[in-house]
Amino acid sequence: MERSSSHHIRMVLEITHDYYRGDSVPVELIPDLFTQRRMTREGMLLKKQKGNRWLLLQSGEPPAEPEEGNFVFDLCVNSPSFHYVTMEKQSGKDYTYGATSRPGSWKTLIFSLPQTGEVKEVNVHLCGRSKFLEFLCIPRYTAPACLLRLAERTQLLACSGPESRMLFGHIPAFRFVTSQQVLLRSRYTLCFSLWEVRKAGERLLTRELPLPAADSISPVSPKDTITTYFYF
């Protein structure tokens, strides 16, 4: 069993997220005031490990008559993009969510510990959002009447377009959009290339279009689509 000085483990909590796979989820676990006071009375401390894992440690044996009530921790977010990539969820197997009044906090995490003293494992999975990916290609160095083709390397994801658009009332653009929503990720295996179609053959304009950032909301379909602007 893992130990920290004379403390022993009461809880192991791990947070995972669809978007931040392989990366650290940008949240911190902070006990609310009542939980902090209870932890002090019962000789507990919270230790952050590498990645997305926390240990709740206790010195000595659990009290013969432990306090009743739940432990409440604020999930404090330290990245603005978190809100764009995270779905709301009300509860999990070993915990529930509650509202919070702490600035910068997204939810409160509420759970109880076994009074027998055994280790409790809490696995919190945060679901990511899915969006259509949009590419707004704006001719700057190429004739506005050119013919374009967008290709995805794996050929597993099709795109509609190009559709001629006038952005913000005066900027001509070609719009491509994926035929289905894509689960947002911090890293994708997707790769889109843009080609100009000519009578003599196709000319590669870019081998890898920048993928839309999670907080780059589409001016055409803001509710369900994120976009990237590409000048060619």
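Within the stretch 1-15, track down each residue that is open to solvent by 60 Å² or more (accessible area, probe 1.4 Å) and either among the hydrophobic types (A, V, I, L, M, F, W, C) or under 18 Å from the mean Cα position of the chain (by Cα) (or both).
Met1, Glu14
If a residue counts only when it is open to solvent by 50 Å² or more (accessible area, probe 1.4 Å), which strands (runs of 3 or more DSSP E) contained entirely in the stretch 113-216 have at least 3 such residues?
It comes to 120-126, 159-167, 192-198, 201-206.
Keeping to the stretch 25-55, report how many residues are farther than 21 Å from Gly117 by Cα, open to solvent by less than 70 Å² (accessible area, probe 1.4 Å) and in a loop (DSSP other than H, G, I, E, B).
Total satisfying the criteria: 6.
When you look at Ser79, is it under 30 Å from Ala214 (Cβ atoms), small (Gly, Ala, Ser) and without any contact (Cβ under 8 Å) to a residue 60 or more places away in the chain, yes or no?
Yes, satisfied.
Condition check ((1) among the charged types (D, E, K, R); (2) more than 31 Å from the chain's Cα centre (by Cα); (3) at pLDDT below 90) across all residues:
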position: Ala143; (1), (2), (3): no, yes, yes
position: Ser164; (1), (2), (3): no, yes, no
position: Val177; (1), (2), (3): no, no, no
position: Val182; (1), (2), (3): no, no, no
position: Arg203; (1), (2), (3): yes, yes, no
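The values are calculated or read from the model by the stated rules, or taken from the named source; none is laboratory data. Since this is a predicted model, take the numbers as computed values, not measurements. Note: ideal-geometry Cβ built from the backbone for every residue, glycine included; neighbour counts use all protein chains shown. With ligands, DNA and RNA removed, areas are computed over all heavy atoms of the protein, side chains included. Shrake-Rupley method; radii C 1.70, N 1.55, O 1.52, S 1.80 Å.
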